Amino acid sequence: MDQEIERIIAGQLELAREHFDSCFGAREEDFVKVTEECGLPRFANRALFRYVTRDACGSASSGSAIIGKRVRMVDRDLWPPYNHFCDVWARLRRSSADIHALLFNILTDDASKPRAYLTRSDIKPLVTNVIDYHSELEFLEGQGQFAQSYADTVIERIFYNANRTWDGKMTLSQFRKADIVGILRIIEGGIDVDIESPGVFSYKHFYVLFCSFFELDTNRDRLLDARDLLRYFSGTLSRRTISRVMMGKGKPSEHMVPRAPSADDARARAKADKRKAKPGSRYDLNVRLSDCRMTYNDFIWFLLSEIDKTTPTAVEYWFRCLDLDGDGVLTVYELEYFYDEQFNRMEEEMAGDVIMLDDLMCQLNDLIRPERNGLITLKDLRRAPPKMLPIFFDAFMNLTRFLEHDSRTSFLQRQLAQISMRAMPTTLFKDVIQMRVDFLANLPNPWVEFADTEYAALLNDNEEQEAQEGAVGEPEQDTATTSNAVALTGNAAV
Ligand SMILES: [Ca+2]
Ligand SMILES: [Ca+2]
């Protein structure tokens, strides 16, 4: 085994030597040839270059927030001497169990203080590398804040999917599971090529997230307050849900308002210390809703969770919102608190055609089958069929969607029944089951479906707006923009 690794390292170093011989002294972007010879995705180049030049060429800046070809610090750095590279690469390769561990070790990039986790800023060199060198993203150059928002979106989405501990510290096993290496390889072929399941780098998805946020942010301060969220999908979320979201119960909020601690604060803190709250359980009774704001990064977690409530992160997000006392169990009393508001709205909006809580709880108990009747835990929800989860959460939080489920579920049931009827007399029962499973598995992912529809609508809006501007004789803007760049001109300045 050891011999095999030594043979691989020797082969890689031999191939890399040619580039050192011909390119010695060249810049970071030329180093991509070496990165590829070493078996890494090309967009890991900046990270590897920084890693190998760190000791050889002084202090290479790591995790720089600067985007854009003109202001990159590392361009001033030179390639390391070949012998130095050999030492660094061999040591790195020997200490990494697989390609995931290899990239993970490169990104943690702090030899003096070895870390067992990655932070958001550690991922940045990968994302800025993609922004600066991916041919499909050329139009982001010089877009400052807009390009920065794209980078933030990609990083938040990586953490949304991978960081199941919610602590902003991605472990090697989370990194491996998220398959960042695989994602980097896929986008070499194109950013939005996989129509079925575009990944975290999807420009289209970023654009939808970004525009959805600014649609709500009427005063353009890049923060949302509770009132803004009331306008989300024409007021579909209940006020009680919005309060919980805004208070950072789903995802701890990034936005903090410094306040002089009062005597109450001190007492609450002493009480919380005594209780020795579990890490991650945020139990701040002293939050004032009027102080709460949602940043763009928080909004990414909110919108992804709102649109697709079947993902593990979404389930946890909404569970925490509903779990008023944070004890890890949803009781009938907690659910009733949320359902009361829904019930009143149904009475107002549906002329008395309402669903009683008792009936609802019976149905939901059948769907979720909790271990203890009437007490729903996160474990129960994780075991429940994923398609049932949106019905469960929307019943307590999102009236419009909850009422949609009624018709959608029965439509689904009819389709499933038709599959069985058509196949039944001639097909084996287990094959019929498989057909039904395949049918359900091929239903479009709610987030992808949503992003597609919204993106088409946004492009349409932009075209209409441009047509109007053309009609009234507005001075023409840059005509050389691509359709993507057209989509961004309306919002890039905010
Ligand atoms: Ca605002
Ligand atoms: Ca509870």
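Extension gain D179-E449, at 0.36 nm per residue separation less the Cα-Cα distance, in nm?
Values: separation 270, 0.36 × 270 = 97.20 nm, distance 2.32 nm.
Here the segment from D179 to E449 would lengthen by 94.9 nm.
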For segment 85-95, in order, what is each residue's ³J(HN,Hα) by Karplus, 6.51 cos²θ - 1.76 cosθ + 1.60 with θ = phi - 60°, in whole Hz (x at glycine and Pro)?
-> 4, 4, 4, 4, 5, 4, 5, 4, 5, 5, 8
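If R0 is 56 Å, what FRET efficiency do you get for F233 and S22 from their C-beta distance, rounded to 0.05?
On the way: r = 58 Å, r/R0 = 1.03.
Rounded to the nearest 0.05, the efficiency is 0.45.
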Inter-site label distance for D291 and Y333 at 7 Å from Cα along Cβ, in nm = 2.6 nm
If R0 = 51 Å, then N344 and A471, at their Cβ-Cβ distance, give a FRET efficiency to the nearest 0.05 of 0.65
Under the Karplus curve 6.51 cos²θ - 1.76 cosθ + 1.60, θ = phi - 60°, whole-Hz ³J(HN,Hα) for segment 445-458, x wherever Gly or Pro sits | 5, x, 5, 4, 4, 4, 4, 4, 5, 5, 5, 4, 5, 5
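L459 to T426: extension gain in nm, 0.36 nm per residue of separation minus the Cα-Cα distance? Walk me through the numbers before you get to the answer.
Working: separation 33, 0.36 × 33 = 11.88 nm, distance 4.81 nm.
Result: 7.1 nm gained on full extension.
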Starting from the Cα-Cα distance between A97 and N373, subtract it from 0.36 nm times their residue separation and give me the gain in nm to one decimal.
-> 94.8 nm
Mind ordering 390-402, 459-471 by average Cβ neighbours within 10 Å, highest first?
-> 390-402, 459-471
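Of K204/K251; K251/K309; K124/K177; K169/K249; K379/K430; K177/K249, which sit over 21 Å apart, Cα to Cα?
Values: K204/K251 24 Å; K251/K309 14 Å; K124/K177 19 Å; K169/K249 19 Å; K379/K430 29 Å; K177/K249 26 Å.
Where the Cα-Cα span goes over 21 Å, the pairs concerned are K204/K251; K379/K430; K177/K249.
Would you please give the FRET efficiency between N442 and D358, computed as 1/(1 + (r/R0)^6) with r the Cβ-Cβ distance and R0 = 51 Å, to the nearest 0.05? Don't skip to the answer; put the middle values down first.
Working: r = 36 Å, r/R0 = 0.71.
FRET efficiency, N442 to D358: 0.90.
Every read-out reported here was derived from the displayed coordinates using simple, explicitly stated rules and does not represent laboratory data. Owing to the predicted nature of the structure, the values given are computational and were not obtained by experimental measurement. When we count neighbours, we look across all protein chains shown, and the Cβ atoms used for this are built from the backbone with ideal geometry, even at glycine.
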